[in-house]
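**Student:** This is the structure, below, for whatever I ask next.
No lab work stands behind these numbers, since they all come straight from the coordinates. Because the structure is a prediction, the values reported are computed rather than measured. Quick reminder, even Gly has a Cβ in these numbers, built from the backbone with ideal geometry, and neighbours come from all protein chains shown.
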Amino acid sequence: MQASRKELAQRVLLALAVAGLGLAVLHESARFSALAAVFPRVVGVSLVILAALLLMQSILGKGLASGHSESMGHFAGGSRFRSAGFVVVLLCWAFLLPTVGFIVTSSIAFVGILLIATERGTDWRITAKRAVLGLIVIGFFYGLFSMLLNVPLPRGRLWALL
Amino acid sequence: MEILAYLAAALTFENLLYALVGVVLGTAIGALPGLTATMALAVLVPFTFTMAPASAMIALGAIYTGALYGGAYSAILINTPGTPSAIATTFDGFPLTRKGEGSFAVSLACVSSVAGGLIGGLLLLMLAPPLATLALAFGPVEYFWIALLGLTLISAISEGNVLKGLIGGCIGLLLSMVGAAVMGGDLRFTFGTPHLVGGVEMISALIGLYCIPILIDLVAEPERGLFTGKRTTHVPLRRTLKASWDGKVNLLRSGAIGTLVGALPGAGGSIASLVAYSEVRRSSRQPEKFGKGAPEGLQATESANSATVGGGFIPTLVLGIPGTPPDAVILAAVMVQGVRTGPELFSSHADIAYTFIFGLLIATIFMFPVGLVLGRWAYNIVADLPKALLVPTVAFMCVIGSFAIHNNINDVRMMVVLGVFGWLMSRLGFGPSPIVLGLILGPIAEQGLVQGFLIGGASGNVLGMFFGRPISLVIILLILLALAYPLLFRRSRRGNYDASE
Amino acid sequence: MRKLGAIAIGGILTAAFASAALADFPSRTVTYVIPFNPGGASDETARMKESFFTELTGQQLVISYRPGAGGAVGWANLNDYAGDGYTIMGVNLPHIITQPLLGGVGYETDDIVNIHIFHYTPHALVVRSGSEFETLEDLIEVASSNPGALTFAGSGSHSANHLAQQAFDQLAGVTTTYVPMSGAAPAQAALLGGHITGAWLDTASVARLGDQVRMLAGAMEERISLFPDVPTFTELGIDLVGGTHRGVAVPQSTPPELRTAWSELIAAIATDPEFIEKMEAGGYVVTNIRYEDMDAFMSDRIQDYTNLLEQMGVLN
């Protein structure tokens, strides 16, 4: 039952985190006006109660809490590095967008994600072809959005300085 | 027979052309996550200034109808609801895609949308004034109870662990409170940064919470594709029609729910499909199939979804109160053309009003061929793309789409941050749907609750306000039924086990 | 002397050059940013200008949206746009005064260069047509004997509607309950459904509701053509005049001659009889507050709204 002890510790931690969140919400809502405080208090109290129930469930019940509620877990496993790389690229993309501009960040990020997601043993020529295809897609949508749909996609502050 | 004259007026070559082009454009725009019906309309409004008012309304109504349906493509094929009204479409649509039934799901969504759109349109044509009166009977308290009814879906979709579902729901409610409060005007949970004053943008949250976790998992597995089943090569028309005929009661009921809930100004659009989904699930003999690719779930949400178009126009045309945000854009466009809208539209401009309603019905019928063709096209693109190309393309669509909602870079950042947060949460066993339900229904619940207190307090009868009104009591009954049903169901199943032992 | 003459000539030349440059301004498409969602009054009145603008200048006016936090997201970003005269943004009062006063929105009232205000929608106190209240006097009588019992819906807290309700309560010496709603549409629905006593709306939204509602009084200076029988508050002895003003602002980096040019351009549209007729049919009251009068107008408003918010006790 070693594994289940570890699991128990995790669940207790989770319950404490939820309770902490609820208390933080209650604390924060103390400075709201009367009208704005009603709902956060309801939610804060609910979170504390749910945390207590979660704690009871993890101590008393076994196995009740396992199993993913939605079909999210199918791809669990696989390479953590690829996932981490993807997340890093996404974050850089979103945070550098206004400075470096839409076309440049999108092109680099697209190729980066393409490389991360490429199946093992894929011929580099295929990858190159895909990268070119991706750049065409980016160009197409840039034109579509900025010209036809009036979406002012950022050009990049960096280029204005040069 | 005057009505037939209006029908003839709608059936000119020009109007038919506008309806067809409108549906195609709307579907194409709606299929891109982040491009909403409201935006499609706002962009295309200037093109209608040169048209006659009735034709302009037909074109705009067709774009609206198409855009709502187009949202089903991204919901079904890449688990990305482009609008709040499409979230329930992902519940069963995406699992169907996973099983290799994406083509069937898209066609089924098309037929269901046409059915729902026709129901909404016909009810608008025939019963608009009484339905508008009924919609007005819903006050703040009823909105509160309806939001709670929507929240009961949490317990239904998280059968594995209801507690975690409820916690997820509370997190969604918290996210919905970020920013300037409608009630009281306080800045809540903004941590002192002006970037959060606008709150969590709903659509970027939808894109982030639903789509990004799928992409993160997909990247990790370099060998496997999005679909586990075999890819279908043709449009399974016969099977689609059979499933639609078998589900006719469901389609009718969901369409009626969609029309009525869609007629509630302000709140209707995003809740209608949720209410329809929870109703079909509750009344099903096999509720455990839902969320795992049940065609009935998809039919219910898409039928209700499209029925909100007709439903939303009920208060718009009868009362002069826009039922949904796209209705407001259409109203403003017609105003700019110099046509006074509001209750007078039906009496003094009956020609425009009725020609428009017929135009809407014609556009809905056009959606059948257009939807099948475009849907097959969309399916083929997603199914044919190698995974290495699919992931960056979808990520790109997420980024450009969440920027385009409000032309705001913060929405992109919010999308990415919530996406990573959603992925971490799913590792802990928290699905995205409870969070999203909290986020969508939170404002409606909060406003209804506080407004109910204020109005009840002013009359000195808060309890009577919440529990003493007939419509409220009906909704409370539905809530109790929805909550009790899983318990009853579980007991009866246990009973079966006992019998077999 | 010669030097002075040179300066004078230089000055004339610059002025001539500037006006020559302005003569063909605008020479390309102008982006008109609306910090609200499409479909609202700000969008509608911006769109009304489109065709007149094109007629006047031969250029397109392209409307783009940057909604969020009741307009604050757009205004906080106004000065990031290029000040070349080709980007203008819609502004609304009291929003741009009350939001910075209440704080935390990322901009100050002074950051916004208002160049022209072209219309306003007066506050309107409205009841259902079936309501027991036939006149404002009826309503005040009941309100003063039952403090807090009458409920009035409006769009949001600390908004134009809320400020109107507060000002009315003070001026009429009554206490009513204000029920904030998430926008004009839900407030109108609650009104028509009879869930509240009345609502604080504006003349434009009342115009759309037709004879389903009765406007007891309006906060305009004089009666307006669309509602000839509706008295102003002033006529009834309550000194409430005001509403939501809508105008246009430019980024701070926009040079003065472009600011004046824009003010004149919009004034030219807003004095066109055809435009005025269209606006009035929609319940809008056209007014022209030009760039040169803006400072005086704004400082009066800032004074008024600061006082009102202070009396409400929401300023720290």
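**Student:** Calculate the FRET efficiency for C:ASP293 and A:TRP159 from the Cβ-Cβ distance with a Förster distance of 45 Å, rounded to the nearest 0.05.
**Tutor:** Details: r = 40 Å, r/R0 = 0.88.
Given R0 = 45 Å and the Cβ-Cβ separation, E is 0.70.
**Student:** So what's chain A giving for Cα Rg divided by 2.2 N^0.38 Å, two decimals?
**Tutor:** On the way: Rg = 24.0 Å, N = 162, 2.2 N^0.38 = 15.2 Å.
This ratio for chain A stands at 1.58.
**Student:** Across the protein assembly as shown, how many lysine pairs separated by 8 or more positions, or lying on different chains, have Cα atoms within less than 30 Å?
**Tutor:** Eligible lysine pairs with Cα atoms under 30 Å apart amount to 29.
**Student:** How much net charge surrounds B:LEU175 when only the other residues with a Cβ under 13 Å from the Cβ of B:LEU175 are counted, with Lys and Arg +1 and Asp and Glu -1?
**Tutor:** On the way: positive: B:ARG188; negative: B:GLU201, B:GLU446.
Net charge around B:LEU175: -1.
**Student:** In degrees from 0 to 90, rounded to the nearest 10, what is the angle of the helix A:102-117 Cα long axis to the longest principal axis of chain A?
**Tutor:** For A:102-117 against chain A, the angle is about 70 degrees.
**Student:** Considering the dipole of chain A built from charges on the beta carbon (Lys and Arg +1, Asp and Glu -1) around the Cα centre, which of A:VAL87, A:VAL18, A:MET56 is farthest to its positive end?
**Tutor:** Result: A:VAL87.
**Student:** In the P(r) worked out for the stretch B:176-220, what percent of Cα pairs fall beyond 18 Å?
**Tutor:** The proportion of pairs with Cα distances above 18 Å equals 44 percent.
**Student:** Quick check on chain C: what does the Kirkwood estimate of hydrodynamic radius come out to from the alpha carbon pairs, in Å? Before the final figure, lay out the partial values.
**Tutor:** Numbers: mean 1/r = 0.0480 Å⁻¹.
By the Kirkwood definition, the hydrodynamic radius is 20.8 Å.
**Student:** Quick one: net charge of C:ASN288's neighbours, Cβ under 12 Å, K/R +1, D/E -1?
**Tutor:** Details: positive: C:ARG290; negative: C:GLU264, C:ASP272, C:GLU292, C:ASP293.
Summing Lys and Arg as +1 and Asp and Glu as -1 gives -3.
**Student:** Tell me, what is a quarter of the convex hull surface for the C-alpha atoms of the stretch A:2-66, in nm² with one decimal? Intermediate values should be presented prior to the final figure.
**Tutor:** Details: hull surface 17.3 nm².
Orientation-averaged projected area of the Cα hull: 4.3 nm².
**Student:** Treat each spin label as a single point 7 Å out from the Cα along the C-beta direction, and report the B:ASP384 to C:SER145 distance in nm.
**Tutor:** So the two model labels end up 7.9 nm from each other.
**Student:** With +1 on each Lys and Arg Cβ and -1 on each Asp and Glu Cβ, and nothing else charged, work out how big the dipole of the stretch C:121-236 is about its Cα centre, in Debye to the nearest 20. Present the calculation step by step, with values, prior to reporting the outcome.
**Tutor:** Numbers: 4 positive and 12 negative charges, 89 e Å.
Value, rounded to 20: 420 debye.
**Student:** Rounded to the nearest 500, what is chain B's calculated 222 nm mean residue ellipticity when only DSSP H runs of at least 4 contribute -39500 (n - 2.57) each, over all residues? Walk me through the numbers on the way to the answer.
**Tutor:** Numbers: 23 runs with 376 residues, N = 501.
Rounded to the nearest 500, it is -25000 deg cm²/dmol.
**Student:** Report, in deg cm²/dmol and to the nearest 500, the calculated mean residue ellipticity at 222 nm for chain A, where each DSSP H run with n ≥ 4 adds -39500 (n - 2.57) and the sum is divided by the residue count.
**Tutor:** On the way: 6 runs with 117 residues, N = 162.
About -25000 deg cm²/dmol.
**Student:** Placing +1 on the Cβ of each Lys and Arg and -1 on the Cβ of each Asp and Glu in the protein assembly as shown, which of C:TRP200, B:VAL280, C:SER159 has its Cα farthest towards the positive end of the resulting dipole?
**Tutor:** B:VAL280
**Student:** Jot down the per residue volume, in cubic angstrom and as a whole number, of the convex hull over the alpha-carbon atoms of the stretch C:215-316.
**Tutor:** On the way: hull volume 14.1 nm³, N = 102.
Enclosed volume per residue, from the Cα hull, is 138 Å³.
**Student:** Could you compute the net charge surrounding C:THR232? Neighbours are other residues with a C-beta less than 13 Å from the C-beta of C:THR232; K and R count +1, D and E count -1.
**Tutor:** -4
**Student:** Given Cβ point charges of +1 (Lys, Arg) and -1 (Asp, Glu) and nothing else, what value in debye, to the nearest 20, does the dipole of the stretch B:2-495 about its Cα centre take? Don't skip to the answer; put the middle values down first.
**Tutor:** Working: 27 positive and 22 negative charges, 334 e Å.
With Lys and Arg at +1 and Asp and Glu at -1, about 1600 debye.
**Student:** For B:332-340, what's the mean count of beta carbons from other chains sitting within 10 Å of each residue's beta carbon?
**Tutor:** Numbers: counts 12, 5, 0, 11, 11, 2, 5, 1, 6.
If you average over the peptide's residues, the count of other-chain Cβ atoms is 6.
**Student:** Dividing the convex hull volume of the Cα atoms of the stretch B:387-470 by its residue count, what figure in Å³ per residue is obtained?
**Tutor:** Working: hull volume 14.3 nm³, N = 84.
It comes to 170 Å³ per residue, whole-number rounded.
**Student:** Same structure, new question: Could you state, as a whole-number percent, how many of the C-alpha pairs of chain B are farther apart than 31 Å?
**Tutor:** The proportion of pairs with Cα distances above 31 Å equals 42 percent.
**Student:** Compute the normalised compactness of the stretch B:1-81: alpha-carbon radius of gyration over 2.2 N^0.38 Å, N being the residue count.
**Tutor:** Details: Rg = 14.1 Å, N = 81, 2.2 N^0.38 = 11.7 Å.
This ratio for the stretch B:1-81 stands at 1.21.
**Student:** Determine, for each peptide in B:65-76, C:26-37, the mean count of other beta carbons within 10 angstrom over its residues, then list the peptides with the highest first. Mind dumping the intermediate values first?
**Tutor:** Working: B:65-76: 32.6, C:26-37: 18.7.
Most protected by this proxy first, the peptides run B:65-76, C:26-37.
**Student:** Can you figure out the FRET efficiency of C:GLN311 with A:ILE59, using R₀ = 45 Å and their beta-carbon distance, to the nearest 0.05? Display every interim value, and only then the final one.
**Tutor:** Details: r = 55 Å, r/R0 = 1.22.
Rounded to the nearest 0.05, the efficiency is 0.25.
**Student:** Å³ per residue of the Cα convex hull, for the stretch C:121-236? It would help to have the intermediate numbers written out before the result.
**Tutor:** Details: hull volume 10.5 nm³, N = 116.
Hull volume over Cα atoms, normalised by residue count, gives 90 Å³.
**Student:** Using just the helices of chain C, give the 222 nm mean residue ellipticity in deg cm²/dmol: DSSP H runs with n ≥ 4 each add -39,500 (n - 2.57), and the total is spread over all residues, rounded to 500.
**Tutor:** Details: 11 runs with 137 residues, N = 316.
Value at 222 nm, helices only, nearest 500: -13500 deg cm²/dmol.
**Student:** Same structure again: If you take the beta carbon distance between C:GLU274 and C:VAL241 as r and set R0 to 25 Å, what does 1/(1 + (r/R0)^6) give as a FRET efficiency, to the nearest 0.05? Please report the intermediate quantities before stating the final value.
**Tutor:** Numbers: r = 27 Å, r/R0 = 1.09.
E(calc), rounded to 0.05, equals 0.40.
**Student:** Can you pull the semi-axes for the protein assembly as shown, root of five times each eigenvalue of the Cα gyration tensor, sorted largest first, whole Å?
**Tutor:** Details: eigenvalues 384, 240, 177 Å².
Semi-axes, largest first: 44, 35, 30 Å.
**Student:** What does the structure give for C:170-182 when I average, per residue, the other chain Cβ atoms found within 10 Å of the residue Cβ? List each step's numbers first, then the result.
**Tutor:** On the way: counts 0, 0, 0, 0, 0, 0, 1, 5, 2, 11, 10, 6, 9.
Mean shielding by partner chains, rounded to a whole number: 3.
**Student:** Here's another thing I want to ask about it. Pick out which of A:VAL42, A:VAL87, A:VAL132 has the largest mean-square fluctuation in a Gaussian network model of chain A, springs linking Cα atoms closer than 10 Å.
**Tutor:** Looking only at A:VAL42, A:VAL87, A:VAL132, the biggest GNM fluctuation is shown by A:VAL42.
**Student:** Beyond 19 Å, what share of the Cα-Cα pairs of the stretch A:80-161 is found? Please give it as a whole percent. Could the numbers behind the result be given before it?
**Tutor:** Details: 1545 of 3321 pairs.
Value for the stretch A:80-161: 47 percent of Cα pairs lie more than 19 Å apart.
**Student:** Per 10 Å bin, what percent of the C-alpha pairs of the stretch B:316-381 does each bin hold, from zero upward?
**Tutor:** 19, 39, 22, 16, 3
**Student:** Also, quick follow-up: Based on the alpha carbons, how large is the Rg to Rh ratio for the stretch B:353-425 when Rh follows Kirkwood? Please list the in-between numbers first.
**Tutor:** Numbers: Rg = 18.2 Å, Rh = 15.5 Å.
We get a ratio of 1.17 for the stretch B:353-425.
**Student:** Averaged over B:173-182, how many beta carbons belonging to a partner chain fall within 10 Å of each residue's beta carbon? Don't jump to the answer; show the numbers that get you there.
**Tutor:** Values: counts 7, 9, 0, 2, 7, 0, 4, 12, 10, 12.
Mean number of neighbouring Cβ atoms from other chains: 6.
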